[in-house]
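The structure appears below as structure tokens.
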Amino acid sequence: MAASKLQSFWNHPAGPKTIFFWAPTVKWGISIANVVDFSEPAERISYPQQVALMCTGLIYSRFSMVITPKNWNLFGNSIFMAGTGLYQVTRKIRHDYMAELTEAKEQSQKSLRSQDLH
Amino acid sequence: MASFRAFWNSPVGPKTTHFWGPVANWGFVAAGLADINKPPELISGNMTGAMCIYSALFMRFAWMVQPRNYLLLACHVSNETVQLYQLSRWAKGQGKQTEHPMAIKYNA
């Protein structure tokens, strides 16, 4: 029973002997690379690249549901890719713009404290 | 005019997602070109390497899929070129991290 299922998967026209299996599988590598890059400093994030990832992810989420047959693997992959892109973009925005705000806050608190000493 | 209308109303035309899917993939090429002069320290080896593998496989996918998708093929050939170039820049920069001209030297 299990053997014939495995055989039908192995010999499938979009199975592991074909590019139609491996190309979408390898596409997960992009999202995984992005997740690994979560721990990299925010200076190294590229806005154009992450925005491209978000847009590709969103467009292919819809694409995967509109083609026949529906491709749930591609759907999950695309949603995940868009999510990682969104997270990286917010990380970088926080680093680029919010970091100035927290720095300014610290400076003003420091000057207030030095005034208290008088 | 008639050919534009045919394109506009095509079942794989700009009113459908079948068009915008491959167009979205050109975004990777555009992003790569936008970053072409970025200092190598800022390139992500993980992402660029993953892109190289991804585009290599999808070139074959675009060729073998029925019907053959030349637009997708062109997109991934371009992306492969750009990403391999960025990967080579990243690799060259790997051994030279400490010699960046902006690096502050505290010797003497």
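Observations on the structure shown:
- Reported count of residues in region A:33-62, each being under 22 Å from B:Phe19 (Cβ atoms), touching a Leu at 6+ places or on another chain (Cβ under 8 Å) and at the interface with chain B (Cβ under 7 Å from one of its Cβ atoms), is 1.
- Close pairs from region B:18-30: first within 9 Å of chain A (Cβ to nearest Cβ), partner modelled with pLDDT under 90 and outside any helix (DSSP H, G or I), Cβ under 6 Å, at least 6 apart: B:His18/B:Val12
- Under the condition of being exposed (fewer than 12 other Cβ atoms within 10 Å of the Cβ) and either of a type outside the set (D, E, K, R) or not in a helix (DSSP H, G or I) (or both), the residues counted in region A:39-58 number 2.
Residue by residue, here is whether (1) surrounded by 14 or more Cβ atoms within 10 Å (Cβ to Cβ); (2) at pLDDT 90 or above; (3) not polar (S, T, N, Q) holds:
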residue	(1), (2), (3)
B:Phe7	no, no, yes
B:Ser10	no, no, no
B:Pro14	no, no, yes
B:Asp35	yes, yes, yes
B:Glu41	yes, yes, yes
B:Leu57	yes, yes, yes
B:Tyr70	no, no, yes
B:Gln83	yes, yes, no
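- Test: residue in region A:62-71 that is buried (at least 19 other Cβ atoms within 10 Å of the Cβ), part of a helix (DSSP H, G or I) and over 12 Å from the mean Cα position of the chain (by Cα): yes
- Single residue of region A:6-20 satisfying the filter (more than 18 Å from A:Phe63 (Cβ to Cβ) and at the interface with chain B (Cβ under 10 Å from one of its Cβ atoms)) that is surrounded by the most Cβ atoms within 10 Å (Cβ to Cβ): A:Ile19
- Test for A:Asp96: is it of a type in the set (Asp, Glu) and surrounded by 10 or more Cβ atoms within 10 Å (Cβ to Cβ): yes
The values are calculated or read from the model by the stated rules, or taken from the named source; none is laboratory data. What you see is a predicted model; the values in this text were computed from it and never measured. When we count neighbours, we look across all protein chains shown, and the Cβ atoms used for this are built from the backbone with ideal geometry, even at glycine.
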